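Below: the structure, in structure tokens.
The values are calculated or read from the model by the stated rules, or taken from the named source; none is laboratory data. This one's a predicted model, so the numbers in the text were calculated from it and none came from an experiment. Virtual Cβ from ideal backbone geometry, glycine too; neighbours counted across all protein chains shown.
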Amino acid sequence: MTTTVPIPTPSAPGRPRGLSPQQQRRLLQTALAREGAFAAALAERQLAAPRRSVLRVLQLNLGRLCNMQCSHCHVDAGPDQAASQMAESVVQQCLEAIRRLRPQVVDLTGGAPELHGAFRRLVLEARRHGCQVIDRSNLTVLLLPALSDLPAFLADNQVEIVASLPAAEASGTDAQRGEGTWAASITALRQLNQLGYGQNDPDRVLTLMSNPAGMALQQLTACDTAAWRRRLAEQGVGFDRLIGLNNMPIARFLQQLDDQGQVGSYLEQLHQAFNPSALCGLMCRDTLSVAPDGRLYDCDFNQMLEVELGAPADGARDQVPLSIDTVTREQLEQRAIAWGNHCFGCTAGQGSSCAGATASS
Ligand code: SF4
Ligand code: SF4
């Protein structure tokens with residue numbers, strides 16, 4: 001049955017022109033009236049800039065290969081990104097880092113992380129060391145014939161699935177992700193439900209991750225969650241949690257904004273919606289983002305912009321850049337976080353992180 005469902009292909013909207021990290025940083029810096037606006041926003045409110053705390057989440061970006069090519073993608077992922085996949089030598093370093101760092105959570109992301117040949121090895125090693133494992137899935141990848149046994153593997157290993165689904169209806173979802181995405185996603189969700197996901201089982205957690213269209217800010221309320229539950233129940237689908245993210249002005253979405261001459265307006269909107277209480281839940285405080293080449297970043301967004309980790313706790317510079325090969329928990333604690341204007345995307349309104357809102361609006 002799954003093979004009859006059309007898998008969305010690269011015909012989806014949002015063909016990237018491919019801004020380099022440097023071009024993106026320049027665009028973001030010049031779009032607001034002054035440079036360093038995020039640090040200034042903290043200073044104006046007499047807020048101390050948050051620092052890194054204890055490492056909790058090790059987020060591994062396995063590469064940008066994806067079966068889809070969504071218009072809002074902040075990593076420029078797509079079917080033509082096979083060369084960006086994490087090399088086996090770095091996979092080995094990540095396996096060793098799981099043993100050494102003992103994070104509470106190992107968060108596998110991409111692209112579509114399931115397409116990496118080491119995906120299952122990483123899951124098994126993380127589970128063996130008692131880590132909670134998150135698979136950031138686009139759902140449609142689970143329908144690929146080559147991965148037909150993957151949903152059962154995920155269920156058997158108590159992997160939490162954080163599934164992207166922009167909207168609770170076909171048009172909003174397909175507009176961002178490509179024609180046929182909604183139908184394929186619903187098929188995948190039904191399969192996951194049959195395996196026990198989305199039924200309030202703590203070992204089979206199914207989280208849906210939504211994002212607004214275009215420049216709108218995410219504003220999920222309890223009523224929205226109830227409406228999602230109703231609409232998906234009509235499709236025979238249940239889920240455990242609904243979270244929402246703001247669209248980050250990075251990569252393909254930044255490109256779109258630039259094409260429309262809207263980079264400044266969007267950043268100004270995020271700036272105006274700055275919510276100090278969103279600072280507490282910023283993911284950069286307890287997450288370490290590992291790039292496919294083993295380099296380390298404060299978050300996935302900084303990774304895409306190639307913004308290096310913030311300075312060590314003593315303010316000195318690292319003798320050599322930290323890497324997943326050798327980094328220790330102690331080297332991370334109390335480090336500064338490398339801010340940029342894109343950080344307003346994480347602190348606008350309800351706040352936004354890989355775990356959803358970081359504050360109430
Ligand atoms: S948003 Fe997710 S599913 Fe879409 S292209 Fe990017 S990585 Fe792939
Ligand atoms: S983009 Fe967000 S998660 Fe990354 S450093 Fe800025 S505030 Fe932190």
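Suppose we filter the stretch 219-254 for residues that are assigned to a helix (DSSP H, G or I) and in contact (Cβ under 8 Å) with a residue 40 or more places away in the chain; how many remain? Quick ask: steps written out before the conclusion?
At the first step, the residues of the stretch 219-254 found to be assigned to a helix (DSSP H, G or I) are 222-234, 251-254.
Of the ones still in play, those that are also in contact (Cβ under 8 Å) with a residue 40 or more places away in the chain are 227-228, 231-232, 251-254.
Count: 8.
State yes or no: is residue 302 near ligand 2 (Cβ under 10 Å from one of its atoms), touching an Asp or Glu at 6+ places or on another chain (Cβ under 9 Å), modelled with pLDDT under 95 and not small (Gly, Ala, Ser)? Answer is no for this residue.
Taking the stretch 48-63 as the range and being touching a strand residue (DSSP E or B) at 6+ places or on another chain (Cβ under 7 Å) and surrounded by 23 or more Cβ atoms within 10 Å (Cβ to Cβ) as the test, the residues that pass are 58, 60, 61, 62. Here residue 319 fulfils each of the conditions (1) more than 16 Å from ligand 1 (Cβ to nearest atom); (2) among the polar types (S, T, N, Q); (3) not in a loop (DSSP other than H, G, I, E, B) apart from (3). Taking strands (runs of 3 or more DSSP E) as the structural unit, those lying wholly within the stretch 101-215 and holding at least 3 residues that are surrounded by 19 or more Cβ atoms within 10 Å (Cβ to Cβ), under 20 Å from the mean Cα position of the chain (by Cα) and more than 16 Å from ligand 2 (Cβ to nearest atom) correspond to 132-137, 160-164, 206-210. Determine whether residue 286 is within 9 Å of ligand 2 (Cβ to nearest atom) and out of contact with any Cys (no Cβ under 7 Å at 6 or more places or on another chain). In short, no. Scanning the stretch 4-37 for residues that are modelled with pLDDT of 85 or more and basic (Lys, Arg), we see that the one that is nearest to residue 253 (Cα to Cα) is 25. When each of 25, 56 is tested for being among the charged types (D, E, K, R), under 30 Å from residue 314 (Cβ atoms) and out of contact with any helix residue (DSSP H, G or I) (no Cβ under 8 Å at 6 or more places or on another chain), the lone residue that passes is 56. Tell me yes or no: at least one residue of the stretch 289-298 is in contact with a Leu (Cβ under 8 Å, 6 or more places away or on another chain), buried (at least 19 other Cβ atoms within 10 Å of the Cβ) and charged (D, E, K, R). Looking for residues that are in contact with a Leu (Cβ under 8 Å, 6 or more places away or on another chain), buried (at least 19 other Cβ atoms within 10 Å of the Cβ) and charged (D, E, K, R), one finds at least one in the stretch 289-298, hence yes.
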